Structures are given as structure tokens and as C-alpha cells.
Amino acid sequence: NAQGPAHPELSVELAGEHNDIAVVRLSRPAKRNALSDSLMLAVRDAFQNLPDTVRAAVLHGEGDHFCAGLDLAELKERDAGQGLHHSRMWHAALDAVQFGPVPVVAALHGAVVGGGLELASAAHIRVADETTFYALPEGTRGIFVGGGGAVRIPKLIGVARMTDMMLTGRTYNAEEGERVGLAQYLVPAGTALDKALALAARIATNAPLTNYALTHTLPRIAEQPGDHGLMTEALIAAIAQAAPEAKTRVRAFLGGKAAKMKPT
Ligand code: 1HE
């Protein structure tokens, strides 16, 4: 079930009974999935062109590491103007991940560093296995984050922790990463992809409008002043509950035909 743009280092495969899960894989293991310009553009294209059947996506990397970040071999060739446009290209690509049609679960292992952490932070859920580690080496390489990390990473862990990571080169291991909020799930080595697929399958059963509200509206509400946020919440709540799918689901619960919440 191979799909999507032809790039030798990126694949999109459909999974799930109804082809409702897209598995997007970085496949540049020899370079630890370092993100060249062409690979980043392929990521953008993949998320902008997901097939209509897809309800959730999983993002992962081939080999021992999720992603080593920016392809440093390309960095040395860039002047300031080109650097600006390069950063804006990353912004567009990672916006395509965060604000694409479906929720995205990132399956993390090994290095999640620099632009790799920026990419992971554009996903909606991060699942990390025990081999995962996080770093922002930009600080010690004389550069700065340029792929939206300055906006997205503080939302996960706060400005103080990100500043520390960049000022001191601090690395977080998998357990620490889960504790501070870099990942929402911590799983045994080698199982992040399976867990991410299971979560994606669960997400794919939600009403699409609810998923859309969570991926597109909630982050906007979080940026709004409180009274604006409440108004936006009321509007999206009204739209979601008016959908026929919401009525069917609520009727199913009231008729005893839907799963109840229970403690884990
Ligand atoms: C690379 C890159 C890369 C590896 N660009 N080529 N990111 C970094 O500063 C992290 C740099 N990478 C590493 O710290 C390590 O490579 C890893 C911890 C990720 C993996 O270590 P290891 O021992 O498994 O692999 P390796 O031997 O270091 O690397 C294998 C090859 O991948 C080697 O090339 P080879 O031709 O000698 O085999 C490395 O040069 C190559 N490689 N990482 C290019 N990043 C929008 S702004 C974002 C800014 C940033 O992301 S800056 C942070 C960049």
C-alpha cells in the first residue's frame, strides 16, 4: 500500500482495516534520518496529500534513531537570506504536520535531537521507547532552532527547560523526557511504533470533527485571551455536537451500547 510523493527517503504506507492510518517513515538511516531540504519538502507534501481514507497518522524513523535533526552538510552552504527562507520552509512543513487533516502520533526512539525534536513536537502525541533521548545541540553548534522549536518546545516543557537544554547542551533520557512532558507515553525498547499504531487506531474511531477540533481549534484557543477562548470553545462545541455523528454516538451511550469510562 505504498502512497504519496516519490522521495527515496520517505515512505507513506496505509494501514488499518479501512486504510485509515497513514504510516509516514523517514528512511535515511545511514544519516540518522537527518533532514535535508528535499526530505523536509517530502514531509510537507506527504502530510498535505494524505489520502481521503486516512483518519490518523503515525510518524517514525527507520534505523536506530528517530531523527538527528537538520542535515548539517547543507547548513554550511547558506547565507542569511537563504537561512531565513530555509527556516520558513521548515515552518510550512511542520505546520503541514500539526495542522494537516488528521492527528499525528510520533513514535520516538534513539536520538530525537535538534530539528528532530522540532519535528516530533509538531505531532499531537509522542510515544517514546526506552532508548529515546532528547537534545537541542543548536546551542552548542553556534546556531539556533529554526523549525518552530522556539514556539512548540516551550509549550511542552516550558521556557526554562528549553533554555537550559540549549545553554548547557543538557540531554534528557527517555524517562526524564516523559516526566517533563516531551513524550506522553514511555514504552519498552522497540515498541514505540506498535504503541503509536494502537493509539492511531483508537484515534481513527473518533468523530472526525472532534479530532479536527482538537488539532486545529484547541491550540488556537490556548493562544487566545480567556474570554475569546471561551467564545471559540462555545462555537466549536456547538458545531461538533450538531453533527449527525455526535447524535448517533450520544444515543448509543444512552442506549447502553457504547463503552463506559473506566479506571486503568
Ligand atoms: C549527520 C547528522 C546531521 C548524523 N546532519 N549528517 N543535529 C545534531 O547536531 C546531531 C548530530 N548527530 C549526532 O549527534 C549523532 O549522529 C547521533 C547521536 C544522532 C547518532 O550517533 P551515531 O553514532 O549513531 O551516528 P554517527 O556516526 O554520528 O553518524 C552517522 C552518519 O550520519 C555520519 O555520516 P558518515 O558519512 O560519516 O557515515 C554523520 O555525519 C551523519 N549524521 N547526524 C548531517 N544532523 C531548522 S533548524 C534545526 C537545527 C538542527 O537540527 S541543528 C542539530 C543538528
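Assorted remarks:
- For Ala106, the residues whose amide H sits under 5 Å from its own are Leu59, His124, Ile125, Arg126, Val127, ignoring neighbours fewer than 5 places away on the same chain, with H placed 1.01 Å from N.
- Proximity of backbone amide H atoms, modeled 1.01 Å from N, is registered between Leu136 and Gly114 at under 5 Å, excluding neighbours fewer than 5 places apart on the same chain.
- Zone residues, the range 19-50, relative to Ile143, backbone N less than 15 Å from point 7 Å out along Cα-to-Cβ: 32-41
- Per-residue 3J(HN,Hα) values for the range 91-101, derived from phi via the Karplus relation 6.51 cos²θ - 1.76 cosθ + 1.60 with θ = phi - 60°, read 4, 5, 5, 6, 5, 5, 6, 5, 10, x, x Hz in sequence order (x marks Gly and Pro).
- Cα long-axis angle, helix 37-48 against the chain (0 to 90 degrees, to the nearest 10): 0 degrees
- Inter-part distance, the range 38-73 to the range 185-207, computed on C-alpha centroids, equals 17 Å.
- Cut-off 14 Å (backbone N to label point 7 Å along Cα→Cβ of Glu245), residues of the range 40-58: 52-57
- Only Lys, Arg, Asp and Glu carry charge here, each on its Cβ (+1 for the first two, -1 for the last two); on that basis the range 137-258 has a dipole of about 360 debye about its Cα centre.
- Column: log10 I(q)/I(0), Debye, Cα scatterers of the chain, q = 0.10, 0.11, 0.13 Å⁻¹: -0.52, -0.63, -0.87
- Among residues other than Val112 with Cβ under 10 Å from its Cβ, the summed charge is 0 (Lys and Arg +1, Asp and Glu -1).
- Charging the Cβ of each Asp and Glu at -1 and of each Lys and Arg at +1, and nothing else, the dipole of the range 29-130 about its Cα centre rounds to 140 debye.
- Computed P(r) (all Cα pairs; the range 208-254; 5 Å bins; percent): 5, 22, 26, 20, 13, 9, 4, 0
- Radius 15 Å from Cβ of Gly147, net charge of other residues (Lys, Arg +1; Asp, Glu -1): 0
- Relative to the longest principal axis of the Cα atoms of the chain, the long axis of helix 159-168 lies at roughly 20 degrees.
Every read-out reported here was derived from the displayed coordinates using simple, explicitly stated rules and does not represent laboratory data. Note that the structure is a prediction, hence the values are computed from the model and not measured. Neighbour counts are summed over all protein chains in view; Cβ atoms, including those assigned to glycine, are modelled from backbone coordinates with ideal geometry.
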